[in-house]
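Just below is one structure, and these are the notes that go with it.
The values are calculated or read from the model by the stated rules, or taken from the named source; none is laboratory data. All values reported here derive from a predicted model rather than from experimental measurement. When we count neighbours, we look across all protein chains shown, and the Cβ atoms used for this are built from the backbone with ideal geometry, even at glycine. Just so you know, the surface numbers come from the protein's heavy atoms only, side chains and all, with ligands and any DNA or RNA stripped out. Shrake-Rupley method; radii C 1.70, N 1.55, O 1.52, S 1.80 Å.
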Amino acid sequence: MISLDQVKTAASAFLEEKWEKPVAVTDIQKIYGGASRETYRMQLDVDGESKGVILRRDPPSSLIDTERELEYGAYARIFGTDIPVPEPLFLENDARYLEQAFSIMAAIDGCQTDVGALPQDERELLGKEKYAILGRLAAHDPIELGFDELMAVPALDKCAEEQLSYWESVIVQDEMHPQPIARAAIRWLRRHLPPAAQKLSVVHGDYRTGNYLFNTDGRITAILDWEMCHLGDPLEDLAWSMDPLWRGTEKHLAGRLVPDDAAIQIWKEASGLDYDEEAFQWWRIFASLKALAIWISSSEDHEHGEGKDSILAVAGWIMTDRQNRILLDYLAPAEVSV
Amino acid sequence: MIPNTDQALRNIAHRLMVSLVPELRSEYAMADGMSLGMLINVIADELAEGIQRRLEDITEMQEVLGSCELSEKERGVAEAGIDNYSLKAVNARHDELTSILIDWHEKSEADDSLGALNHAIWQYLRRHANRHVITAIPEA
């Protein structure tokens, strides 16, 4: 385990090298909940100028097995478009600074992620913006943005099948006990594959409450956590964002913000794309299966991995339980009582 | 001495969350400490009820599989008793039966004559999920 002082010392040395200016870390805090990377917020004095940065360091094990190049590359290609993301500054694969690879991004000050305390009118505003941004992301041409240099480009009629196969393989690899509900979901999804995607889009892969920053004016200032980003069917992100797990106790509000029909309408207008109800239902069930795969994987990671971060156990135990019940609601015959 | 282990764990979790965590200075450590406290409560519930819940699952799976034309090998597994009630042994028994259940669930989806079995398996899965609900951490 690396100490805050070690991060502080190594980060200032690294940034001095890069910027060729004196850099002092004046404040450092580790942020809880960074499931795939250790995340640190640092305030810097750069040759007399104050600057905030976020450092994301690879942990010994993580909730999501992803490539840091992919995440950093996504930030680099999205930054400067109409999708707000933090400015990517450095990607360092050399472990000599912090024992692991890391990336550094500009911090965005005065923002929060928790929508729980917001009054409903502010949530509605945020919901409109959240789904408009997602619509704009879906409308972008990923090839024009250069995403084909970064990741595989699936055929339109293979987007669903390839994603399903990937997450099925995660479950097969990481399950520590047989998973009857996950297996039933996989079989259902295989039997009901949706039609080809209407277009290829950049899929964020984890577009949900908690993964965007907003300010006191209710404006979204950054979409975060692109480590599961890939190219695919734009309905995938829409369905993921509306999974019941992200609703908390406000079951009628997509991402605790706006009703489902409002979210879909905003997305349609911003993306200019069609909404196919049947295909969307497939992606909703897929979204729950993918989430379950992540929770199963985190449980395995907590038990066998090097890192013993409590977030892995929280995800592995509690979220598996809740996600299984969500899938049951989707798949069990209606007459099977709750 | 026979300690009331589940209650002892709940007391430890309470002490951690109410007395120690508020004294921490780092937000990360506070959040981590609260999560650990909640996880200890989950473990306390599991310690108190976990084996009983699994035994109820095992009995129900045996009942569901009792209507199936099991192979000799499957029957041997399904009808075996339990002579060791440690959590590890009960888990292993639970896993064996669940694997057979998954196979028959798949068969019941492909064969219309197994509709009643399919329904019985879904009913079992619902009861199983309800039985194992984690209540120590409330939904946000």
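Accessible area lost on pairing B with A, both sides, 1.4 Å probe, Å² to nearest 100?
3100 Å²
Given axes a ≥ b ≥ c from the Cα gyration tensor, I'd like to know whether the stretch A:4-106 is rounded (a/c under 1.5), prolate (a/b larger than b/c) or oblate. Mind showing how you got there, number by number?
Working: a/c = 1.64, a/b = 1.20, b/c = 1.37.
Oblate is the answer for the stretch A:4-106, as a/c is 1.5 or above yet b/c matches or exceeds a/b.
Tell me, what is the FRET efficiency for A:H177 and B:R25 to the nearest 0.05, using R0 = 41 angstrom and their Cβ-Cβ distance as r?
The computed FRET efficiency comes out at 0.55.
How crowded by other chains is B:32-43, given as the mean number of beta carbons from other chains within 10 Å of each beta carbon?
Going residue by residue through B:32-43 and averaging, the value is 3.
What is the average number of partner chain Cβ atoms found within 10 Å of a Cβ in A:176-187?
The per-residue average across the peptide is 5.
Suppose all protein chains stay in the model; what accessible area per residue would a 1.4 Å probe give for chain B, in Å²?
With the other protein chains kept in place, chain B gives 58 Å² per residue.
Starting at the first residue of the stretch A:252-259, write each ³J(HN,Hα) from the Karplus equation 6.51 cos²θ - 1.76 cosθ + 1.60 with θ = phi - 60°, in whole Hz, x for Gly and Pro.
Listing the rounded values in order: 8, 10, 5, x, 6, 10, 9, x Hz.
So what is the relative contact order of chain A, in percent, for Cα pairs below 8 Å that sit 6 or more residues apart?
About 19 percent, as a whole number.
Mind checking the stretch B:21-73 for trypsin sites (Lys or Arg not before Pro) that DSSP puts in a loop (not H, G, I, E or B) and that have at most 13 other Cβ atoms within 10 Å?
Qualifying residues, ordered by number: B:R25.
Can you pull out the GluC sites (Glu not before Pro) in the stretch A:85-172 whose DSSP state is coil and whose Cβ has at most 16 other Cβ atoms within 10 Å?
A:E99, A:E144
Taking only DSSP H segments of four or more residues, each worth -39500 (n - 2.57), what value at 222 nm results for chain A once the sum is divided by all its residues, to the nearest 500 deg cm²/dmol?
So the calculated ellipticity at 222 nm is -13000 deg cm²/dmol.
Alpha carbon centre of the stretch A:92-164 versus the stretch B:1-55: separation in Å?
Going from one Cα centre to the other spans 35 Å.
Inside 10 Å of the C-beta atoms of B:95-103, what's the mean count of C-beta atoms belonging to other chains?
3
Using modelled backbone amide H atoms (1.01 Å from N, in-plane), which distant-in-sequence or interchain residues come within less than 5 Å of A:T221's amide H?
It is A:L213, A:F214, A:N215, by chain and number.
Tell me, what is the FRET efficiency for B:A116 and A:V153 to the nearest 0.05, using R0 = 45 angstrom and their Cβ-Cβ distance as r?
Plugging the Cβ-Cβ distance into 1/(1 + (r/R0)^6) gives 0.45.
Could you name the lysines whose alpha carbon sits less than 17 Å from that of A:K8, not counting residues in the same chain fewer than 8 places away?
A:K18, A:K21, A:K30, A:K51
Work from the charge dipole of the stretch A:120-331 (Cβ charges, +1 for Lys and Arg, -1 for Asp and Glu, about the Cα centre) and give the residue of A:I294, A:A152, A:H140 farthest towards its positive end.
The one lying farthest along the dipole's positive direction is A:I294.
Can you spot the aspartates and glutamates whose alpha carbon is less than 15 Å from A:K199's alpha carbon? Ignore those fewer than 8 places along the same chain.
Here the aspartates and glutamates satisfying the reach criterion relative to A:K199 are A:D141, A:E144, A:D148, A:D157, A:D233, A:E236, A:D237, A:D274, A:D276.
State the percentage of accessible surface on the stretch A:146-224 attributable to carbon and sulfur atoms; use a 1.4 Å probe and exclude ligands, DNA and RNA.
Numbers: 1650 of 3350 Å².
Percent of accessible area from carbon and sulfur atoms in the stretch A:146-224: 49.
Charges only on Cβ, +1 for Lys and Arg, -1 for Asp and Glu: so what's the dipole of the stretch A:4-106 about the Cα centre, in debye to the nearest 20?
Computed charge dipole of the stretch A:4-106: roughly 220 debye.
Once the Cα atoms of helix A:320-331 and of chain A are each reduced to a long axis, what angle between those two axes, in degrees from 0 to 90 to the nearest 10, is obtained?
Once rounded, the angle reads 30 degrees.
Karplus couplings for the stretch A:289-306 from phi (6.51 cos²θ - 1.76 cosθ + 1.60, θ = phi - 60°), rounded to Hz, Gly and Pro as x?
5, 4, 4, 4, 4, 5, 5, 4, 5, 5, 5, 5, 5, 5, 7, 10, x, 6
Using a 1.4 Å probe, what is the accessible area per residue for the stretch A:120-331, in Å²? Display every interim value, and only then the final one.
Details: 7830 Å² over 212 residues.
Computed with neighbouring chains in place, this is 37 Å² per residue.
How far, in degrees from 0 to 90, does helix A:180-191 lean away from the longest principal axis of the Cα atoms of chain A, to the nearest 10?
The two axes meet at around 70 degrees.
Loop only by DSSP, 12 or fewer other Cβ within 10 Å of the Cβ. Give me the trypsin sites (Lys or Arg not before Pro) in the stretch A:87-169 that pass, ordered by residue number.
Values: sites: A:R96, A:R123, A:K128, A:K130, A:R136, A:K158; in loops: A:R96.
Those that pass, being in a loop and sparsely packed, are A:R96.
Can you give me the Cα centroid spacing of the stretch A:297-333 and the stretch B:86-140 in angstrom?
Between the Cα centre of the stretch A:297-333 and that of the stretch B:86-140, the gap is 16 Å.
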